[in-house]
Amino acid sequence: MIEQRAQAVWTGGLKQGAGSFRSGTIEGNYSFASRFEGGAGSTPEALIGAAHAACFSMALSLFLEQQGHAPDAIRTTATVQLDPKQLAITRIDLETEAEVPGLADSAFPAIAEQAKQNCPVSKALAGVQITLKSAKLTKVTAGRA
């Protein structure tokens, strides 16, 4: 069994307090303002989005390779929607683009859907509506998302 650890510390009340998180080389700060008011810092939802985009991209690479098409590059964006009234993550939209030599455009969406259904983070978030908003083959340039 593989285990990963993360830690978060919150000090103070909800609106005036602040928190920090750390896991391996990833660390940052979050607050009520960053989560609900667009203030500086990160949010738990952004971390979930990053984890989901990373996991989905790796799963997509796996399923592409299983079909005989190793990707040159994959870029995925996960948009996580939080409903503050429900205190619930209600939806995650995945948008992916990949550079895959020799793969027909028509074959890519089905493989991307397979990755969405089977990546471990998608499975962990099974209580949330997850949509594959777009899946297209294109040239993927290096750089940050």
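The values are calculated or read from the model by the stated rules, or taken from the named source; none is laboratory data. Here the structure is a predicted model, which is why all the values come from computation and not from measurement. Please note: Cβ atoms are built from the backbone with ideal geometry, for glycine as well, and neighbour counts cover all protein chains shown. What goes into the accessible areas is simple: the full protein's heavy atoms, side chains included, and nothing from ligands, DNA or RNA. Shrake-Rupley method; radii C 1.70, N 1.55, O 1.52, S 1.80 Å.
Per residue, how much accessible surface does the range 1-136 expose to a 1.4 Å probe? Answer in Å², no decimals.
Ligands and nucleic acids excluded, the figure is 61 Å² per residue.
Pull out the extension gain between ALA33 and GLU99, defined as 0.36 nm times the separation in residues minus the alpha carbon to alpha carbon distance; nm, one decimal.
That pair, ALA33 and GLU99, stretches by 20.0 nm at full extension.
Measuring from a point 7 Å past the Cα of ALA110 along Cα-to-C-beta, which residues in the range 61-94 have an amide N at less than 19 Å?
61-71
From the phi angles alone, apply the Karplus equation (6.51, -1.76, 1.60; θ = phi - 60°) to the range 66-76 and give each ³J(HN,Hα) in whole Hz, x where the residue is Gly or Pro.
Values, residue by residue: 5, 8, x, 10, 5, x, 7, 7, 9, 10, 10 Hz.
Give the ranking of PHE21, PHE36 by solvent-accessible surface, highest area first, calculated with a 1.4 Å probe.
PHE36, PHE21
Considering the values (i) 16.7; (ii) 15.2; (iii) 15.8, which represents Kirkwood radius over Cα pairs in Å as calculated for the structure under consideration?
Checked against the structure: label (i).
In the range 22-145, how many lysine pairs have Cα atoms under 27 Å apart, counting only pairs 8 or more places apart or on different chains?
7
Per DSSP helix of 4 or more residues, -39500 (n - 2.57); summed, then divided by the residues of the chain. What does that give at 222 nm, rounded to the nearest 500?
Taking each H run of at least 4 residues, the total per residue is -9000 deg cm²/dmol.
Give, as a single signed number, the net charge of other residues whose beta carbon lies under 13 Å from the beta carbon of SER134, with Lys and Arg counted +1 and Asp and Glu -1.
Its environment carries a net charge of -1.
Between GLN129 and MET58, what's the calculated FRET efficiency when r is the beta-carbon distance and R0 is 30 Å? Round to 0.05.
After rounding, the FRET efficiency stands at 0.85.
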